[in-house]
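Scroll down for the structure; my scribbles are underneath it.
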Amino acid sequence: MSKIGVLISLKGDSDILQKFTEVKNNGFECCQISIWDMSFYTDANAKAISDAVSATGVEISTLWAGWSGPKEWNFTGGPMTLGIVPAPFRMQRAEELIEAARFASKIGVKRVATHAGFLPENMSDPEYCGVIAILRYIVGKYKALGVDFLFETGQETPITLLRVIEELGSDNVGINLDTANLILYGKANTADAVTVFGKYVRDTHIKDGLYPTTGARLGIETKVGEGMADIPKVVKRLRAVGYDGNYIIEREISGEQQIRDILDTKVYLEAILA
């Protein structure tokens, strides 16, 4: 049965129990944990997370894994800096993602999601074979650990992502559907994207936003319900393809407004899922 959760960020200075307690006190049953700090993957932090899960009853839906090095969330520097597509960072980031899967296994989490980068749409692109090869290597390591590898949507068209998943051909590969990113990157209408790759969706980020209006910058994220994601239609189409996973709220601002928007989105989702 689907649950509503929230994305939380964990860093070296995080009070892990406090973070999970806040999730529970805000009425959420589950969460995703986002980790960008490679030094966070320690046995002590694994135990602290496991203890926090036991103390609060908050389920971890997916570990969202970042990677080291430069990152530009735009259309100019993005293709050269994001994910495992840029050759100079490919091997190091692959090993970091594998370390994330080892950490996930320690805390009993069966899914790790990440941005793989601007996956080549053209199969004759010189980078295509190298990207597929490194993904096969990562996915194989994940399978040995009993962990699913999830592509976060956004930087590629739905058909490109479908093609890559089919080419990988492994049953531990899926999608973390970010309902805003496809719009923010100008790649697709989110509900229509579900008709292309919906059977592979295993987790979500519930987010909203507007299409880009320049050729260099992403569109603008909005509060859920104020953008173009059409969450009711997305949920309807997810259910039509049999999705019964969680709905994880993400709001990429900070401060009190972030908390207010997240709680408003929880109420909004509850009405849709009822």
*Criterion: surrounded by 15 or more Cβ atoms within 10 Å (Cβ to Cβ) and over 19 Å from the mean Cα position of the chain (by Cα) - qualifying residue of THR42, THR21*: THR21
*Out of GLU95, GLU72, which single residue is acidic (Asp, Glu) and under 16 Å from PHE40 (Cα atoms)?*
GLU95
_Taking the criterion of being outside any loop (DSSP other than H, G, I, E, B), in contact with a Pro (Cβ under 9 Å, 6 or more places away or on another chain), without any contact (Cβ under 8 Å) to a residue 60 or more places away in the chain and surrounded by 19 or more Cβ atoms within 10 Å (Cβ to Cβ), would at least one residue in the stretch 214-236 satisfy it?_
no
*Among the residues of the stretch 60-72, write down those that are crowded, with 16+ Cβ neighbours inside 10 Å and farther than 13 Å from GLN155 by Cβ.*
ILE60, SER61, THR62, LEU63, TRP64, ALA65, GLY66, TRP67
_For the stretch 1-18, which positions are over 21 Å from GLU99 (Cβ atoms) and in contact with a helix residue (DSSP H, G or I) (Cβ under 8 Å, 6 or more places away or on another chain)?_
SER2, ILE4, GLY5, VAL6, LEU17
_Of residues in the stretch 1-18 being surrounded by fewer than 18 Cβ atoms within 10 Å (Cβ to Cβ) and of a type in the set (Ser, Thr, Tyr), the one nearest to LEU177 (Cα to Cα)_ = SER2
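Quick grid of which residues meet (1) at pLDDT 95 or above; (2) farther than 24 Å from VAL112 by Cα; (3) out of contact with any strand residue (DSSP E or B) (no Cβ under 8 Å at 6 or more places or on another chain):
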{"site": "ALA188", "(1), (2), (3)": "yes, no, yes"}
{"site": "TYR200", "(1), (2), (3)": "yes, no, no"}
{"site": "GLU226", "(1), (2), (3)": "yes, yes, no"}
{"site": "LEU238", "(1), (2), (3)": "yes, no, no"}
{"site": "TYR243", "(1), (2), (3)": "yes, no, no"}
*Count of the stretch 42-72 residues which are in a loop (DSSP other than H, G, I, E, B), under 26 Å from ILE132 (Cα atoms) and either of a type outside the set (D, E, K, R) or in contact (Cβ under 8 Å) with a residue 12 or more places away in the chain (or both)*: 5
*Which ones in the stretch 171-186 are touching a helix residue (DSSP H, G or I) at 6+ places or on another chain (Cβ under 8 Å), part of a loop (DSSP other than H, G, I, E, B) and crowded, with 22+ Cβ neighbours inside 10 Å?*
THR179, ALA180
*Among the residues of the stretch 1-18, count how many are over 20 Å from ARG111 (Cβ atoms), more than 19 Å from the chain's Cα centre (by Cα) and not polar (S, T, N, Q).*
4
*asked:* Cβ-Cβ distance below 8 Å, separation of 6 or more or different chains: which pairs start in the stretch 136-156 with a residue that is in contact (Cβ under 8 Å) with a residue 24 or more places away in the chain and more than 23 Å from LEU182 (Cβ to Cβ) and end on one that is not hydrophobic (A, V, I, L, M, F, W, C) and not in a loop (DSSP other than H, G, I, E, B)?
replied: TYR142/ASP148; LEU145/ARG102; LEU145/SER105; GLY146/SER105; VAL147/SER105; VAL147/ARG111
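The values are calculated or read from the model by the stated rules, or taken from the named source; none is laboratory data. Worth saying up front: this structure is predicted, and the values here are computed from it rather than measured. When we count neighbours, we look across all protein chains shown, and the Cβ atoms used for this are built from the backbone with ideal geometry, even at glycine.
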